[in-house]
Structure formats: structure tokens, C-alpha cells
Amino acid sequence: GGLPLPPVVPFGEVLSEGGGKARKKIFRFPPGLVETAMIERPDTIHNDDTVVAYYQLENPGWWTLPFLVHTHLGRVKFCPVNEAVDMIWEVEIRPYSFAAPLVEKLAEMIVSTIVRNFRV
């Protein structure tokens, strides 16, 4: 399964990590979500070549209908395994109680679509 997702609109400052042109923020339309990349938390310790990226939703609330959440934090780990890379994507959301079933399903569908697009 999955969703047809339109391309995101990157904006904000250029991330210094990696030397590329990736921006710190992206805008997803619909529903108008603004996601911001965050630096790795200093309390995180890795004993291998694992890379961790965090992001958070900047504008939770009614403006992002139907994605009605109080908070949204994501963590994506890239772990080397033999000659491949495992990606582990974790999402912590605190949806409005009446919207929880819809929001949880939407989050699952969006993440699975993005992961599927990485494989292509």
C-alpha cells in the first residue's frame, strides 16, 4: 500500500553536514506540514557506523487537517549490515484523541510510501 505523494518543497538554511544542498526544512502539501531536521542528540551513543537523523513537525494542530497531532517526532537510523544498509524509522506522535485512528493510519501509509520510494 501507500499514497501518491507530491514532491516536498525544501526551504530554510542549507544543512552543513554532508556537503550537499539539503535544506533544514521541508513543506509537505497536502496537508501543509512543515518538518525540520534536527541534529543528533548528544546523549546518543553508537558503537558502529550507524547514522541517526531526527526530525520534528513544526506546525502541529488544526492547520494540518487531517493530520491532527499535538506533537510529532521522528527518528531514522541507517545501520550498515554486510554490504547493505538497514533503515529503521520510528515515529512518536501524540494525536488528538478523536483523530487517533486516522492519524496513525496516515502516518503508517506516509512512512511506508517514503520507504518504498527509497528502494526504487
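Would you be able to say whether some residue in the stretch 65-72 is under 25 Å from residue 15 (Cα atoms) and modelled with pLDDT of 90 or more?
The answer is yes; a qualifying residue exists.
Tell me, which residue of the stretch 88-120 that is touching a helix residue (DSSP H, G or I) at 6+ places or on another chain (Cβ under 7 Å) and not β-branched (Val, Ile, Thr) is surrounded by the most Cβ atoms within 10 Å (Cβ to Cβ)?
Per the stated criteria, the residue is 95.
Mind listing just one residue for me: the one in the stretch 38-64 that is part of a strand (DSSP E or B) and open to solvent by less than 80 Å² (accessible area, probe 1.4 Å) and, of those, modelled with the lowest pLDDT?
Going through the qualifying residues, I end up with 38.
Kindly evaluate residue 111 against the criterion of being assigned to a helix (DSSP H, G or I), of a type outside the set (Phe, Trp, Tyr) and over 22 Å from residue 52 (Cα atoms). Explain how you work it out, then say what you get.
Values: assigned to a helix (DSSP H, G or I): yes; of a type outside the set (Phe, Trp, Tyr): yes; over 22 Å from residue 52 (Cα atoms): no.
It is false that residue 111 is assigned to a helix (DSSP H, G or I), of a type outside the set (Phe, Trp, Tyr) and over 22 Å from residue 52 (Cα atoms).
Give the number of residues within the stretch 2-37 that are at pLDDT below 75, open to solvent by 50 Å² or more (accessible area, probe 1.4 Å), assigned to a loop (DSSP other than H, G, I, E, B) and within 23 Å of residue 77 (Cβ to Cβ).
Selection size over the stretch 2-37: 2.
The values are calculated or read from the model by the stated rules, or taken from the named source; none is laboratory data. None of the values given here were measured: they were computed from a predicted structure. All Cβ positions, even for glycine, are placed from backbone atoms using ideal geometry, and neighbour counts span all protein chains on display. For accessibility, only protein heavy atoms count, side chains too; no ligands or nucleic acids. Shrake-Rupley method; radii C 1.70, N 1.55, O 1.52, S 1.80 Å.
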